[in-house]
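**Student:** To start, I am sharing the structure in question, which I have written as structure tokens.
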Amino acid sequence: MDVGDHATGAGHVPVMLGRVLELLAPAVDAARDAGRAPLYLDATLGMGGHAEAMLRAHSDLRLIGLDRDTTALERSARRLAAFGDRVTLEHAVYDEIPAVLARLRVRSVDAVLFDLGVSSPQLDEADRGFAYSYDAPLDMRMDRTQTLTAAEVVNGYPPAELARILREYGEERFAQRVAAAIVRERERAPLDSTRRLADLVRTSIPAATRRTGGNPAKRTFQALRIEVNGELDIWRRALPAALDALPVGGRVAVLSYHSLEDRITKRVLGAQAADTTPPELPVPLPEHEPRFRLLTRGAEVPSDEETTTNPRAGSVRLRAAERVREAT
């Protein structure tokens, strides 16, 4: 999840938990009605909060949990140990869903959850380099077995590519100025700490702009994190792969934390829920009818009560859909 300046214990509360359980429950029931044991895929396992709640709510539910962060997998394994062989955990990025299911010899899953973005533990551990409120190495890898780090991006990318990343992934109005400042600074000495980068961004942005909108480093840190972890490209592949794994009656829920992710989610789900019959034909063609129906009207947001008790939920947008027709 994408969050604010500092991590707190409240951030470990699963976001929009009640609504997620409510949206996914009918898919569990549909599996039972079809005579099979329901299977839930938590594609971004994190701390395991949503997964634990699902397993407690449905005593016959089996879980496949994915995470690219080995630390998250270790913690979730301990948290979910009491559920025994109902739980299967896999070290994988969520666009690897087809490969994971093939390896496990699973043809379909009944419910899928994506809780996107950076997780609470990743922010809480200063040495991960995700938070601009700590001084830490410029790392930002969700999967610490990969090689590319934020330090390599800021010190090695050409100026034009840096500016593009800041503009597209951080929606930074002053991307050119920030990129130019990074290039000047790295010529003096490599940028290797979150504090130095955050200070540099702050001084690169006009004073009038700095007075509103929170820490000005937020957009740059978001952009670098997305680049290091390939988040948007992965998401463009992952959501269609998850939809393909759902049977009729299967459901997907997506928690997004910034507009770039939510835009992709809206576009993919909208296309699957559209009738593609050519407009010149007088009646809809069965093979062109929608494959999914949307379960949320636009994007749902958390209650004021939840955002008060759990500030990390403040930017979340929830969308969900149900498969209503087999692919042809």
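**Student:** For the list (1) closer than 26 Å to ASP233 by Cα; (2) touching a helix residue (DSSP H, G or I) at 6+ places or on another chain (Cβ under 7 Å), I need the number of the one condition that LEU73 fails.
**Tutor:** The single condition LEU73 does not satisfy is (2).
**Student:** Let me ask something else about it. Looking at ALA181, is it open to solvent by less than 40 Å² (accessible area, probe 1.4 Å), small (Gly, Ala, Ser), more than 20 Å from GLU261 (Cβ to Cβ) and not in a loop (DSSP other than H, G, I, E, B)? So that I can check it myself, show each step before the final result.
**Tutor:** Numbers: open to solvent by less than 40 Å² (accessible area, probe 1.4 Å): yes; small (Gly, Ala, Ser): yes; more than 20 Å from GLU261 (Cβ to Cβ): yes; not in a loop (DSSP other than H, G, I, E, B): yes.
Against the criterion (open to solvent by less than 40 Å² (accessible area, probe 1.4 Å), small (Gly, Ala, Ser), more than 20 Å from GLU261 (Cβ to Cβ) and not in a loop (DSSP other than H, G, I, E, B)), ALA181 qualifies.
**Student:** Among the candidates MET47, MET54, which residue alone is of a type in the set (A, V, I, L, M) and open to solvent by less than 30 Å² (accessible area, probe 1.4 Å)?
**Tutor:** From the options MET47, MET54, the qualifying one is MET54.
**Student:** List the pairs whose first member sits in segment 95-114 and is crowded, with 21+ Cβ neighbours inside 10 Å, whose second member is hydroxyl-bearing (Ser, Thr, Tyr) and not in a helix (DSSP H, G or I), and whose Cβ atoms are under 6 Å apart, counting only residues at least 6 apart or on separate chains?
**Tutor:** Listed pairs, sorted by first residue: ALA111/TYR40; PHE114/THR44.
**Student:** Here's something else I'd like to know. Looking at the structure I just gave you, is LEU89 open to solvent by 40 Å² or more (accessible area, probe 1.4 Å), touching a residue at least 24 places away in the same chain (Cβ under 8 Å) and touching a helix residue (DSSP H, G or I) at 6+ places or on another chain (Cβ under 9 Å)? First the steps, then the outcome.
**Tutor:** Numbers: open to solvent by 40 Å² or more (accessible area, probe 1.4 Å): yes; touching a residue at least 24 places away in the same chain (Cβ under 8 Å): yes; touching a helix residue (DSSP H, G or I) at 6+ places or on another chain (Cβ under 9 Å): yes.
Taking the combined requirement at face value, the residue satisfies it.
**Student:** In addition: Given (1) open to solvent by less than 40 Å² (accessible area, probe 1.4 Å); (2) assigned to a loop (DSSP other than H, G, I, E, B); (3) more than 21 Å from GLU300 (Cβ to Cβ), identify the lone condition not met by LEU232.
**Tutor:** Answer for LEU232: the failing condition is (2).
**Student:** Out of (1) open to solvent by 40 Å² or more (accessible area, probe 1.4 Å); (2) within 13 Å of LEU224 (Cβ to Cβ); (3) aliphatic (A, V, I, L, M), the odd one out for ALA160 is which?
**Tutor:** (2)
**Student:** Still on this structure, I have one more. In segment 136-178, which residues are closer than 18 Å to VAL118 by Cβ, part of a loop (DSSP other than H, G, I, E, B) and more than 22 Å from the chain's Cα centre (by Cα)?
**Tutor:** Correct list: ALA136 only.
**Student:** A follow-up question, please. Could you tell me whether segment 67-80 includes any residue that is crowded, with 17+ Cβ neighbours inside 10 Å and in contact with a Phe, Trp or Tyr (Cβ under 9 Å, 6 or more places away or on another chain)?
**Tutor:** Yes: segment 67-80 contains one or more residues that are crowded, with 17+ Cβ neighbours inside 10 Å and in contact with a Phe, Trp or Tyr (Cβ under 9 Å, 6 or more places away or on another chain).
**Student:** Within segment 199-247, work out how many residues are farther than 17 Å from MET140 by Cα, of a type in the set (Gly, Ala, Ser) and at pLDDT below 95.
**Tutor:** 5
**Student:** Return only the number of the condition from (1) in contact with a strand residue (DSSP E or B) (Cβ under 7 Å, 6 or more places away or on another chain); (2) under 22 Å from ALA30 (Cβ atoms) that VAL301 does not satisfy.
**Tutor:** Among (1) in contact with a strand residue (DSSP E or B) (Cβ under 7 Å, 6 or more places away or on another chain); (2) under 22 Å from ALA30 (Cβ atoms), the lone unmet condition for VAL301 is (2).
**Student:** Starting from segment 215-238, take each residue that is polar (S, T, N, Q) and list its partners that are at pLDDT 95 or above and open to solvent by 30 Å² or more (accessible area, probe 1.4 Å), counting only C-beta distances under 6 angstrom and pairs at least six apart or across chains.
**Tutor:** Close Cβ pairs satisfying both conditions: none exist.
**Student:** Moving on to the next point. Of these, ALA189, ALA181, which one is free of Cβ contacts under 8 Å to residues at least 12 places away in the same chain and more than 18 Å from LEU148 (Cα to Cα)?
**Tutor:** The conditions single out ALA189.
**Student:** Additional query: Which one of these does PRO137 not meet: (1) touching a Leu at 6+ places or on another chain (Cβ under 9 Å); (2) open to solvent by 10 Å² or more (accessible area, probe 1.4 Å); (3) more than 21 Å from ALA43 (Cβ to Cβ); (4) at pLDDT below 95?
**Tutor:** Of the numbered conditions (1) touching a Leu at 6+ places or on another chain (Cβ under 9 Å); (2) open to solvent by 10 Å² or more (accessible area, probe 1.4 Å); (3) more than 21 Å from ALA43 (Cβ to Cβ); (4) at pLDDT below 95, the odd one out for PRO137 is (1).
The values are calculated or read from the model by the stated rules, or taken from the named source; none is laboratory data. Note that this is a predicted model, so its numbers are computed, not measured. Please note: Cβ atoms are built from the backbone with ideal geometry, for glycine as well, and neighbour counts cover all protein chains shown. Note: accessible area is taken over every heavy atom of the protein model, side chains too, but ligands, DNA and RNA are not part of it. Shrake-Rupley method; radii C 1.70, N 1.55, O 1.52, S 1.80 Å.
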